[in-house]
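> One structure, as structure tokens, below. Some questions next.
The values are calculated or read from the model by the stated rules, or taken from the named source; none is laboratory data. Because the structure is a prediction, the values reported are computed rather than measured. Reconstructed Cβ throughout: ideal geometry from the backbone, glycine too, with neighbour counts over all protein chains shown. Just the protein is used for accessible areas: all its heavy atoms, side chains included, with ligands, DNA and RNA removed. Shrake-Rupley method; radii C 1.70, N 1.55, O 1.52, S 1.80 Å.
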Amino acid sequence: MEVTARFNVVETGDRDAQPMLFAHGFGCDQNMWRFVAPRFAEEFRVVCFDHAGAGGSIAAYDVERHASLEGYAEDVLDICTELGLQDVVFVGHSVSAMIGVLAQVRDPGRFSRLVLVGPSPRYVDDGDYVGGFTAADIDGLLDSLASNYLGWSSQMAPLIMGNPERPELGEELTTSFCRTDPDIAQRFARATFLSDNRADLPKVSVPTLVLQSREDAIAPLEVGGYVAAAIPDCELVVLDAVGHCPNLSAPEQTVAAIERFLHEGPSRVRS
Amino acid sequence: MSGAEAAGAPTGEPPCGFLSTTPAGVITGANATLLSWTGHRAEDLVGRRFSALLTAGGRIYHDTHYAPLLVMSGEVKAVALEILRADGSVLPVLVNAVLDRDGEGEPRGIRVAVFDASDRRSYERELLIAKRQAEESEARAVDLARTLQRTFIPPVPPTIPHLEIAAGYRPAGRGDEVGGDFYDAFQVGNTWLIVLGDVSGKGVDAAVVTTLVRHTVRALAVHSTLPSEILTGLNRVLLDHETDRFCTLVIMSLGRTGGHWSLTTSTGGHPLPVLVRDGRSGGIGGPGSLVGAFDDPEFVDATVELAVHDRVVLFTDGVTEGRDGDQYYGEDRLHRLLRTPSQDAAELAHAVVDDAVDFQGDLPRDDIAVVVLRVPPTD
């Protein structure tokens, strides 16, 4: 299958303009960007997609390839190659922030900027490093996903796969959004929350923006600060938002911060 | 509020927990049921984030699933979470939540109904454990089938000096059940024996007989390498065995004298092996009885002197009786494929298996086994 169909790629905006590639995080799908991505369609070629195993890309999931974030980064590069994207502004939420970091490190010439929303290079505490979680907490998450197996039934997959476009926020979205095959969700959770990408951060070679909610239980303020300090040319912007999804809860601030970064570039001190 | 109209106001404290929060999830009120279930005091709850009441795993689930879903679709139903009580213990709950919007469509607040799911959750855990056990057990059974099946064929094809030999093998379906096809090739003195067969039925019973047949043939070959005599001995062993399964097979002995291969073959209830020579193809020998079914079976030997470039193909009915709808693969199609010129033994063996599998849409109903011999140009 073609990459665009495999990853449910949805394009808007000016095809000839500079591309902005939006990657969603753990849990849901590209609809996470619906309040943010359209705002860039006037100036950019806006590309959204669903990660393998999520939304309309269930069939793209491969147990081995997607056992680590590297596999997801390869997917991102495959999409860039297939669509001929160059000079890409990569916008990644949650785990996709690190997926973008890995992709940029692997193919440095492909990207011009990274925007990392709620990034964390490692979720589990390690010595002096505070990720915010213990290994037991992650087990708790896996349990939580298992308990919510019951929101899933085997009829769900064909239903979701049969509606890959989902243009409107309606009944279709309600039935499929944030619903993932529990087995895939567990595997993705492991790949996400047991990853450690701290060593990759200094290798990022493009200007980078870290967007951070002032209160985020998944990627706390300290972690955002750690990421911003470890990436060479990086700015940290703390949004007056609560929760892990400022792209949903504070889209105006999110859009404004990204716009300013794209037009002005990173300034070292800003929060 | 919109939608269905209430049928008169209910009275009294509802038997479920009830919370209200700001759109950002900060608690603005909680009912008495929730307070008594959790042991929290109202003044400790108000001003805290709802997600802060949850276990760490639940907080992640809240932020990655629950909250986005609530914003997108305005409600969530029956989400399983765990609330931390004041004493540190855990209360499993199911949560429904609704996002209220004002006249402008701006989020105004969230109402959360909380149901005690302690009993239900322990039952569900048992279900999950049972499901996992069933999956593991299934995986072990598949693993066992595959392991067993591997013992039906030589781990590596033998090398026979001055003769190419190659085999192709594909278990039925997805390979999660043990079938009955097998082959073997071994040497007794100066004679090589090639055996290919099919035990009736599937599963562990058939596997036991398959193993018996392979080992019996090897044991009998020590006394006589004449194929018909081995078949007669095997017939006796199977009749005496408690199994009522029978089998079909081809046994072939090969000897080399004066730089030429001489082949003697006998068939028991099995498709005849095919000789391909100079672009023509035909069966070798004649039919014989099913093995393990009759007290007085008939097995006849046929001998052929092989020439350079001759190819000999042994196969099971999984090849010729493969079906695509109501079409059979058939011997004609096989012979056409076998007459394709100048393929070495390995290429031909693969070609036969691939063609037979393709014909059945990649999911063969029966095992497929093929052994190909080819006399290489004189060396």
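> At 1.4 Å probe size, put B:Val71, A:Val204 in order of accessible surface, largest to smallest.
Ranked list, largest accessible area first: B:Val71, A:Val204.
> Computed FRET efficiency, Cβ-Cβ of B:Glu347 and B:Thr33, R0 56 Å: what is it to the nearest 0.05?
Between B:Glu347 and B:Thr33 the formula returns 0.15.
> Once you compute Rg and the Kirkwood Rh from C-alpha atoms, what is the Rg to Rh ratio for the range A:3-270?
0.94
> Report the local net charge at A:Val130: Lys and Arg +1, Asp and Glu -1, summed over other residues whose C-beta lies under 11 Å from its C-beta.
Result for the neighbourhood of A:Val130: -3.
> Take every Cα pair under 8 Å in the range A:3-135 that's 6+ residues apart, average their separations, divide by the length, and report that relative contact order as a whole percent.
About 23 percent, as a whole number.
> Shifting gears a bit: In the P(r) worked out for chain B, what percent of Cα pairs fall beyond 26 Å?
64
> Sticking with this structure for a sec: Along each principal axis of its Cα atoms, how long is the protein assembly as shown end to end? Whole angstroms, biggest number first, please.
For the protein assembly as shown, the Cα spread along each principal axis is 98, 60, 50 Å.
> Quick one: length gained pulling B:Gln327 to B:Val308 fully straight, 0.36 nm per residue minus the C-alpha distance?
Separation in residues times 0.36 nm, less the Cα-Cα distance, equals 3.3 nm.
> What is the set of long-range amide H partners of A:Ala23 at a cut-off below 5 Å, with H atoms built 1.01 Å from backbone N?
Under 5 Å from the amide H of A:Ala23: A:Val91, A:Gly92, A:His93.
> So what's the convex hull volume per residue for the Cα atoms of the range A:1-99, in Å³?
86
> Can you give me the distance in nm between label points at B:Glu106 and B:Thr378, each placed 7 Å from the Cα along the Cα-to-Cβ direction?
The answer from the label model is 10.0 nm.
> What FRET efficiency comes out for A:Asp62 versus B:Val204 if R0 is 30 angstrom and r is the Cβ-Cβ distance? Round to the nearest 0.05.
0.35
> Considering only protein heavy atoms, with the full assembly of protein chains and a 1.4 angstrom probe, order B:Val95, B:Val188 by accessible area, largest first.
Heavy-atom accessible area, descending, gives B:Val188, B:Val95.
> Can I ask one more? Normalising by the residue count of the range A:3-270, find the relative contact order in percent from Cα pairs under 8 Å and 6+ residues apart.
20
> Still on this structure, please answer the following. What percent do you get for the relative contact order of chain B when only Cα pairs under 8 Å and 6+ apart count?
Value for chain B: 13 percent.
> How much FRET efficiency would the formula 1/(1 + (r/R0)^6) give for A:Glu11 and B:Ala139, where r is the Cβ-Cβ distance and R0 is 45 Å, rounded to 0.05?
0.65
> Accessible area per residue, 1.4 Å probe, Å², for the range A:3-270: what's the number?
Accessible area per residue, the range A:3-270: 37 Å².
> Now for a separate question. Using protein chains only and a probe of 1.4 angstrom, how many square angstrom of A:Asp125 are accessible, to the nearest 10?
We get 60 Å² for A:Asp125.
> May I pose another question? Under a 1.4 angstrom probe, counting protein chains only, how are B:Phe294, A:Phe188 ranked by accessible area, largest first?
These residues rank, largest area first, as B:Phe294, A:Phe188.
> Rounded to the nearest 10 Å², what accessible area does B:Ser137 have for a 1.4 Å probe in the complete protein model?
Ignoring ligands and nucleic acids, B:Ser137 comes out at about 60 Å².
> What is the average number of partner chain Cβ atoms found within 10 Å of a Cβ in A:135-143?
Mean partner-chain Cβ count within 10 Å for A:135-143: 5.
> Partner chain Cβ atoms within 10 Å, averaged over the residues of A:216-225 - can you pull that number for me?
For peptide A:216-225, the averaged partner shielding equals 2.
> GNM on chain A, C-alpha springs below 10 Å: top fluctuator among A:Ser195, A:Ser68, A:Ser147?
Of A:Ser195, A:Ser68, A:Ser147, the Gaussian network model singles out A:Ser147 as fluctuating most.
> Another one. Give the residue from A:Ala136, A:Phe7, A:Ser94 lying farthest towards the positive end of the charge dipole for the range A:3-270; charges sit on Cβ (+1 for Lys and Arg, -1 for Asp and Glu) and the dipole is referred to the Cα centre.
Going by the Cα projections, it comes out as A:Ser94.
> Still on this structure: Two decimals is fine: what is log10 I(q)/I(0) at q = 0.26 Å⁻¹ for the range B:337-379, from a Debye sum with one equal scatterer on every Cα and no solvent?
-0.94
> Just to be sure I understand the rule: take each whole DSSP H helix in chain A, project its Cα atoms onto its long axis, keep it if the span is 15 Å or more and its mean Kyte-Doolittle hydropathy is at least 1.0. Which ones pass?
Within chain A the helices that satisfy the rule are A:95-106.
> For the protein assembly as shown, give the share of DSSP beta bridges that are antiparallel, in percent and rounded to the nearest 5; count only bridges with both residues there.
Roughly 75 percent of the beta bridges in the protein assembly as shown run antiparallel, per DSSP.
> List the residues of the range B:46-73 that lose 40 Å² or more of accessible area once all protein chains are present, compared with their chain alone (1.4 Å probe, heavy atoms only, no ligands or nucleic acids).
At a threshold of 40 Å² (probe 1.4 Å), the residues of the range B:46-73 that become less exposed are B:Arg49, B:Ala56, B:Gly57, B:Ile60, B:Tyr61, B:Asp63, B:Thr64, B:His65, B:Pro68, B:Leu69, B:Val71, B:Met72.
> Roughly speaking, what is the stretch gain from B:Thr340 to B:Asn96, that is 0.36 nm per residue apart minus the C-alpha to C-alpha distance, in nm to one decimal?
Length difference between fully extended and current span is 81.0 nm.
> In deg cm²/dmol, rounded to 500, what helix-only [θ] at 222 nm does the protein assembly as shown give when every DSSP H run of at least 4 residues adds -39500 (n - 2.57) and the total is split over its residues?
-10000 deg cm²/dmol
> Hey, another quick one. Taking a virtual spin label 7 Å from the Cα of B:Asp295 along the C-beta vector, which residues in the range B:235-276 bring their backbone nitrogen under 16 Å of it?
Of the residues in the range B:235-276, B:235-241 have backbone N under 16 Å from the label point off B:Asp295.
> Another question, if that's okay. Chain B: longest stretch without exposed trypsin sites (Lys or Arg not before Pro) (DSSP loop, at most 15 other Cβ within 10 Å), sites themselves excluded?
B:175-338
> Can you tell me the length gained on complete extension of the stretch B:Asp355 to B:Thr257, counting 0.36 nm per residue apart and subtracting the Cα distance?
31.7 nm
> Quick one: 3J(HN,Hα) in Hz for the range B:269-281, Karplus 6.51/-1.76/1.60 with θ = phi - 60°, rounded, Gly and Pro as x.
These are the phi-based 3J(HN,Hα) values: x, 10, x, 5, x, 10, 9, 10, 9, 6, x, 10, 9 Hz.
> To the nearest 10 square angstrom, what accessible area does A:Glu222 show with a 1.4 Å probe?
Approximately 120 Å² of A:Glu222 is accessible to the 1.4 Å probe.
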